Amino acid sequence: MDRRIDRLQRIGAARPGTILLSGGLPAAELFPKQALARSFLTVLDQPNRTNGLQYGWPEGDLALRSWIASRLRRRGAVHVQSDDVIITSGAQQAIDLAARVLYRPGDRVGVDAESYPAALDLFRSRGLQLAAADERVAGFYCMPSVSNPRGLEFGPAARQCILNRLETGDVSAIEDDAYAELRFDGTETRPLCADAPDGVLHVGTFSKVLCPGLRVGWLVPPRRLFQEMLAAKQEADLQAGGLAQAVLEHYLRTNDYDAHVAAARDFYAGRADALVTALRKELPQASFCEPQGSFAVFVETDLCGDDIDLLSVSLAHGVSFDPGRAFRREGRASPLSMRLAFACEPAERIAEGVARLAAAFRAYVHRSGDRAQTAT
Ligand SMILES: Cc1ncc(COP(=O)(O)O)c(C=O)c1O
């Protein structure tokens, strides 16, 4: 992440009273603390077992892998068996391992015009070049079910375009499904790996729906790459945290996860509404799409400027956001854009946060004078 953005976000997070419209954090009030505490104690109390405290195999807990495989089968990826799943230390590690095995420095990776910053940073740090999906590429990184930062599903044409390219057998796709379960309308999307099992490395996580602190995600590579991916996982950190896996597996076996997901969807849909309403009222000149899921809205303007300067002005007005440049494939700051997260703040604070943002915008434009002219 750009050091200046990191520094400003830390200042905002530490300053009491700042309304945080930045970050891809889930709402802490949804963390199933009591149920996880019960699972934790039960797991530790099991006689004659290692209770997740012992080393395990690099691929992870078999029962957990089996749960993940059956969930993917339910969504249409009927080929996925427990033996196809590798438990990772979050989705971030799964993306890292996939990129490490698939690409070499200098390779071009097709990504959307805006995408998940930590994946873009990772690709750049590996010496990979970011390209548009319709260019000549060695592979793709995409979020077909629910994208970050826009919270939208791929249209049928974009999906088909990638599937056509995968059919040639020359390229692979990393499918990041981090937000797939958080579709507000409850649609269970069909993962891309269901339609191209041999070309897609499917990535998932419990971070968004359950809690990121467990650091449990997964990777389902094509079978031909499984052993290579497993070796990469072992080289990286031997295995994902055993205790977190054991607690999670017990939690999933003894609680109604579908009910938790449904409640989370309704909860976030309400907050998304609050943000969209506030944006229409306070920043009518900005453009955005209503998200179908996820934690955020990507807001665009036609003003030239520096989004980090704008963040600095916004923090002085008591509100934070994620500067749009971090999401852009090209890294451009102009025209000004931003990702606004609705997940972590209640509706009244979202409304107040957007009002503060509108005031910050006015102050920024006033201060920048002619430099904030409409971009051509
Ligand atoms: C699209 C996307 N993929 C992956 C991740 C990383 O998830 P994890 O916490 O499982 O590493 C995030 C987190 O913000 C994300 O937004």
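Quick note: the coordinates plus some simple rules give every number you see, no bench work behind them. Everything numeric here is computed off the predicted structure, so don't read it as measured data. Cβ atoms come from the backbone with ideal geometry, glycine included; neighbour counts cover every protein chain shown.
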Problem - the range 145-176, subset closer than 20 Å to Thr88 by Cβ and in contact (Cβ under 8 Å) with a residue 40 or more places away in the chain, residue surrounded by the fewest Cβ atoms within 10 Å (Cβ to Cβ) - result: Ser172
Problem - Options Glu181, Glu235; residue that is in a loop (DSSP other than H, G, I, E, B) and either away from the ligand (no atom under 13 Å from the Cβ) or crowded, with 23+ Cβ neighbours inside 10 Å (or both) - result: Glu181
Practice task
Run Glu59 past the list (1) farther than 26 Å from Ala240 by Cβ; (2) of a type in the set (D, E, K, R); (3) in contact with a strand residue (DSSP E or B) (Cβ under 8 Å, 6 or more places away or on another chain) and report the number of the one that doesn't hold.
Solution key: (1)
Handout entry: Meets criteria (without any contact (Cβ under 8 Å) to a residue 60 or more places away in the chain, farther than 22 Å from Ser294 by Cα and of a type in the set (Asp, Glu)) for Glu135
Key = yes
Problem - Sole exception among (1) surrounded by 24 or more Cβ atoms within 10 Å (Cβ to Cβ); (2) within 28 Å of Gly23 (Cβ to Cβ) for His260, by number - result: (1)
Handout entry: Residue list for the range 239-265, restricted to those being part of a helix (DSSP H, G or I) and without any contact (Cβ under 8 Å) to a residue 24 or more places away in the chain
Key = Tyr257, Asp258, Ala259
Handout entry: Filtered residues of the range 197-232 (kept if assigned to a strand (DSSP E or B) and among the aromatic types (Phe, Trp, Tyr))
Key = Trp218
Handout entry: Test for Arg271: is it within 30 Å of Pro335 (Cβ to Cβ), basic (Lys, Arg) and buried (at least 18 other Cβ atoms within 10 Å of the Cβ)
Key = yes
Handout entry: Lone qualifier among Pro144, Pro149 - being within 16 Å of the ligand (Cβ to nearest atom) and touching a Leu at 6+ places or on another chain (Cβ under 8 Å)
Key = Pro144
Exercise for the section: Evaluate the following for Ala94: is it under 30 Å from Asp195 (Cβ atoms), within 16 Å of the ligand (Cβ to nearest atom) and of a type in the set (A, V, I, L, M)? Expected result: yes
Handout entry: Candidates Ala232, Ala236, filtered to the one that is of a type in the set (Gly, Ala, Ser), touching a residue at least 24 places away in the same chain (Cβ under 8 Å) and over 22 Å from Cys193 (Cα atoms)
Key = Ala236
Handout entry: So Ala194, is it buried (at least 18 other Cβ atoms within 10 Å of the Cβ), away from the ligand (no atom under 13 Å from the Cβ) and part of a helix (DSSP H, G or I)
Key = yes
Exercise for the section: Starting from the range 47-76, keep only residues that are touching a residue at least 24 places away in the same chain (Cβ under 8 Å), then list their pairs with residues that are among the aromatic types (Phe, Trp, Tyr) whose Cβ atoms are within a distance under 7 Å, requiring at least 6 positions of separation or different chains. Expected result: Ile68/Trp218
Practice task
Please tell me if Ala178 is among the aliphatic types (A, V, I, L, M) and under 25 Å from Ala259 (Cβ atoms).
Solution key: yes
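Rundown of residues vs (1) out of contact with any Asp or Glu (no Cβ under 9 Å at 6 or more places or on another chain); (2) under 27 Å from Arg65 (Cβ atoms), yes/no style:
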residue: Ala264; (1), (2): no, yes
residue: Tyr268; (1), (2): yes, no
residue: Arg271; (1), (2): no, no
residue: Pro284; (1), (2): yes, no
residue: Pro291; (1), (2): yes, no
residue: Ser294; (1), (2): yes, yes
residue: Val297; (1), (2): no, no
